[in-house]
Amino acid sequence: MTLRSLTIALGLAAVAAPAAAQDTFTLPAGCDAYVTIQSRGCTVSHHFTCEGDPLGHQRRVDLGERGLMYVGMIDRETQWIESFHVSSQHSEVLEADPEDPASFSELMEEGEDTYDFRTLSDEIGQTRYVGRDALTGMIETIDGVTLQQTEFAIVAYGPDGAEEWRSSGNEYVSSDWRMFLSGTSSVTTPDDAWETDDSPVEFIYPGEPGFLSANPKYDCGAMMSKYEVQP
């Protein structure tokens with residue numbers, strides 16, 4: 001299932017409708033979710049796999065107060081294979097043969113991983129991402145899930161080579177799910193700077209109340225303005 005067909009199946013034409021219009025988020029046929037994560041920053045995420053995807057690939061959708069915000073797919077090394085950003089209506093796909101591919105395996109084995117890759121977009125052109133992830137050695141258990149803390153720094157460059165934004169802070173990784181989870185960060189653009197906290201709060205599994213909920217729970221209700229700068 002391509003990113004385009006998935007986003008169509010998810011009903012992007014209706015993304016402006018409030019998430020509260022429905023209680024449960026519906027995935028397309030052939031896709032199965034394995035965990036729902038309620039996070040700070042008024043975001044609920046559903047992680048799932050779909051029939052026909054390459055082995056080790058997994059997908060994610062993020063929802064906020066106004067509905068669907070992000071759709072993406074990563075591979076086993078957590079490379080950003082495909083992304084769709086709802087507010088800007090632009091998609092990105094990973095270039096072939098990155099200069100320095102992101103490697104979850106290297107991070108877990110060596111404690112540090114650098115990357116330098118580009119994504120290609122029909123809507124906004126090429127974006128280059130250069131950065132580093134490193135394990136801090138801190139282990140945290142959140143809602144029964146054991147996570148390792150990372151520190152990160154990333155810079156995004158636009159098609160003309162000019163810096164568009166940079167971010168640094170701390171995230172989490174799950175070795176069982178082979179995924180990154182957001183944490184706290186500082187974001188800087190040429191015109192602005194702000195802090196974010198999108199840390200996970202609850203992990204909900206199939207059959208439990210709140211699994212595939214369409215409604216985020218934490219830090220909602222406040223009018224916020226922030227850029228969607230990274231998947």
Point to revise | Whole-percent carbon and sulfur share, accessible surface of the stretch 59-204, 1.4 Å | key: 43
**Study point:** With eigenvalues of the C-alpha gyration tensor scaled by 5 and rooted, the stretch 15-123, Å
**Key:** 26, 17, 14
Practice item. Grab the alpha carbons of the stretch 154-198, take their convex hull, and tell me the volume per residue in Å³. Key: 77
Check your understanding: Over the stretch 102-231, what per residue volume does the convex hull of the Cα atoms give, in whole Å³?
Key -> 144
Point to revise | Low-density loop positions, trypsin sites (Lys or Arg not before Pro), the stretch 123-231 - DSSP coil, at most 15 other Cβ in 10 Å | key: K217, K226
Practice item. Starting at the first residue of the stretch 152-161, write each ³J(HN,Hα) from the Karplus equation 6.51 cos²θ - 1.76 cosθ + 1.60 with θ = phi - 60°, in whole Hz, x for Gly and Pro. Key: 9, 8, 9, 10, 10, 10, x, x, 8, x
Study note, to complete from the structure: Which of Y129, Y205, Y172 fluctuates most in a GNM of the chain (C-alpha springs under 10 Å)? That residue is Y205
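Viscosity 1.306 mPa s, temperature 10 °C: give me the Stokes-Einstein translational D for the stretch 81-178 in µm²/s, with Rh taken as the Kirkwood radius over C-alpha pairs. Each step should come with its number before you reach the end.
On the way: Rh = 14.8 Å.
Roughly 107 µm²/s, to the nearest whole number.
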Review point. Pick from A29, A156, A214: which is most flexible by mean-square fluctuation in a GNM of the chain where alpha carbon atoms under 10 Å apart are linked?
Key: A29
Check your understanding: If all Cα-Cα distances of the chain are sorted into 5 Å bins from 0 onward, what percent lands in each bin, rounded to whole numbers?
Key -> 1, 6, 14, 18, 22, 19, 13, 5, 1, 0
Check your understanding: Say a paramagnetic label sat at a point 7 Å from the Cα of E163, along Cα to Cβ; which residues of the stretch 184-210 have their backbone N under 13 Å from it?
Key -> 187-193
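Counting pairs of alpha carbon atoms under 8 Å apart in space and at least six apart in sequence, what relative contact order in percent does the chain give? Please list the in-between numbers first.
Details: 538 pairs, mean separation 47.7, N = 231.
With pairs under 8 Å counted, the relative contact order is 21 percent.
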Check your understanding: What does the accessible area of M108 come to, in Å² to the nearest 10, when a probe of 1.4 Å is used?
Key -> 60
Exercise for review: Would you mind calculating the relative contact order of the stretch 111-216 from Cα pairs under 8 angstrom and at least 6 residues apart, reporting the percent as a whole number?
Suggested key: 17
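The values are calculated or read from the model by the stated rules, or taken from the named source; none is laboratory data. Owing to the predicted nature of the structure, the values given are computational and were not obtained by experimental measurement. With ideal geometry, Cβ positions are generated from the backbone for all residues, glycine too; neighbour counts draw on all protein chains shown. Ligands, DNA and RNA are excluded from the accessible area calculation, which covers all protein heavy atoms including side chains. Shrake-Rupley method; radii C 1.70, N 1.55, O 1.52, S 1.80 Å.
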